[in-house]
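Worksheet for the structure shown next.
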Amino acid sequence: MLSFLFKVKISAMSKRKSKESSSANGECISQVQRILRERFCHHHATGKPFGIEHQYRHLLELLKRTTVHGESNSALIIGPRGSGKTMLLNHVLKELMEIKQIRENLLEVHLNGLLQTNDKVALKEITRQLHLENVVGDKVFGSFAENLAFLLEALRKGDRTSSCPVLFILDEFDLFVHHKNQTLLYNLFDISQSAQTPVTVIGLTCRQDILELLEKRVKSRFSHRQIYLMNSFDFKQYIKIFKEQLSLPAEFLDESFAQKWNNNVQHLSEDKTVQDMLQNLFHYSKDLRSLHLLLMLALSNVTVHHPLITASDLHEASKQYRMDSKANIVHGLSVLEICLIIAMKHLNDVYEGEPFNFQMVYNEFQKFMQRKAHCMYNFEKPVVMKAFEHLLQLELVKPIERPSVRAQREYLLMKLLLDNNQIMDALQAYPNCPTDVKQWATSSLSWL
């Protein structure tokens, strides 16, 4: 009897320990998901940047002169999308914020050309980010320059050296060029040249010809500092970036779990199949956003019961990353819509890519139906037209020219936006596709 009670007690204790362990693992996994997703989505700085040490030092020195010595500056960070412009800036800001004097005084204003589409919206956003809504109140200003000068004056604590330095970061800088008279850029650059308030303006753009787009008066007030970025790292450095992006920080809540996770990341980086997969991605695109997307897809498989990323997770993520979005749309089409796409494919083959209209597609479809009428229900022309319009809405078919009011829908010239390989790959994966339809797609000759 005592033996039985002892066994029951041991069983209860082990269950309690198992629940506690499961709860601790769950907390660790949610922390891993939060830290890494934040890193992948927001380009948070980890480690030192590769291949851009010179640009890093240049930008750091530039911002230090503003934040420590009260100098005003302006600069442009120029590079293709995904070259690391935002990441470079985040690295520099992270290092600056470790200095107490800067952390307590520096004010940042982040503007984006996609969001702040005119100067009025931009000024409202500057006021909000500087927390000066109450100061401005219902005041009416004669000009944009007067309004901006008032905002910066409100931040002053005394002389120039004791004023709060303000860092303006303009993402998608080239879109601000299209604002009326480039008033925002003119005033920001004008203030950055004056000795009133320490202001630095940093623009991020992928336009190499950005200076040619600036008005003469704006260009004359710009400091002409340009920092160019290109993805110049090699594959060894790419592997190192892979490890750093996936590794957990030293201050992670569970040290033993972090050690286990980081050891697993090290093993993955040495795995031949993972290296081959990363090399394919590296040759396809050196854009670090592509790597972040791949890692994000792999991270989505991590759960309490599957706590570590495996090589198969990365390979599955690679397949998802390379998946053709248009082919995926085809998987959700009806058999009638599939038939119309095959008819267009045959028209492309016969007429060597020349545009077609709905009537030609309908005639082609009718010929197939007459030969293979037993495999499908015979659709009326208005129903076929509705299916064709659905393909147009999905942007699998595109009109060659803008339709006029008088033009008949049946005779508008169209172009198919799928190539033969995409169509055939989609058909292979299409569930319950009639055999006759597949055979019609693979036949080299149209049913003329």
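Taking other C-beta atoms within 10 angstrom as a stand-in for reagent exposure, 83, 143 fall in the order 143, 83, fewest first. Antiparallel beta bridges, as assigned by DSSP with both residues in the chain, represent about 15 percent of the total such bridges.
Look at the alpha carbon pairs under 8 Å that are at least 6 residues apart: their mean separation over the length of the chain gives a relative contact order of 16 percent.
Of the peptides 180-191, 347-358, the ranking by mean beta-carbon count within 10 Å, highest at the top, reads 180-191, 347-358.
Apply the a/c threshold of 1.5 to the C-alpha gyration tensor of the chain and tell me whether it is rounded, prolate or oblate. Before the final figure, lay out the partial values.
Numbers: a/c = 2.40, a/b = 1.27, b/c = 1.88.
It comes out oblate by the Cα gyration axes.
Secondary-structure-derived ellipticity at 222 nm for the chain, considering helices only, amounts to -18000 deg cm²/dmol, per-run term -39500 (n - 2.57) for DSSP H runs with n ≥ 4. Distance between the C-alpha centres of region 50-87 and region 245-284: 29 Å, rounded to the whole angstrom. For region 90-131 and region 292-360, write down the distance between their C-alpha centroids in whole Å. If you average the Cα positions of each part, the centres end up 40 Å apart.
Most tightly packed first, judged by the mean number of other beta-carbon atoms within 10 Å of their residues, the peptides 230-236, 246-252 read 246-252, 230-236. The order of the peptides 213-224, 331-342 by mean Cβ neighbours within 10 Å, most packed first, is 331-342, 213-224.
Kirkwood's formula applied to the C-alpha pairs of region 327-442 gives a hydrodynamic radius of 14.4 angstrom.
Taking only pairs that are 8 or more places apart or on different chains, how many Lys pairs in region 234-322 have Cα atoms under 17 angstrom apart?
The number of close lysine pairs in region 234-322 is 7.
Remind me, relative contact order of region 234-322 in percent, using alpha carbon pairs under 8 angstrom and six or more residues apart? Write out the running numbers ahead of the final one.
Numbers: 59 pairs, mean separation 25.1, N = 89.
The value is 28 percent.
The numbers here are math on the coordinates, done by the rules we state, and not lab data. Note that this is a predicted model, so its numbers are computed, not measured. For neighbour counting, all protein chains shown are included, and Cβ atoms are generated from backbone atoms with ideal geometry for every residue, glycine included.
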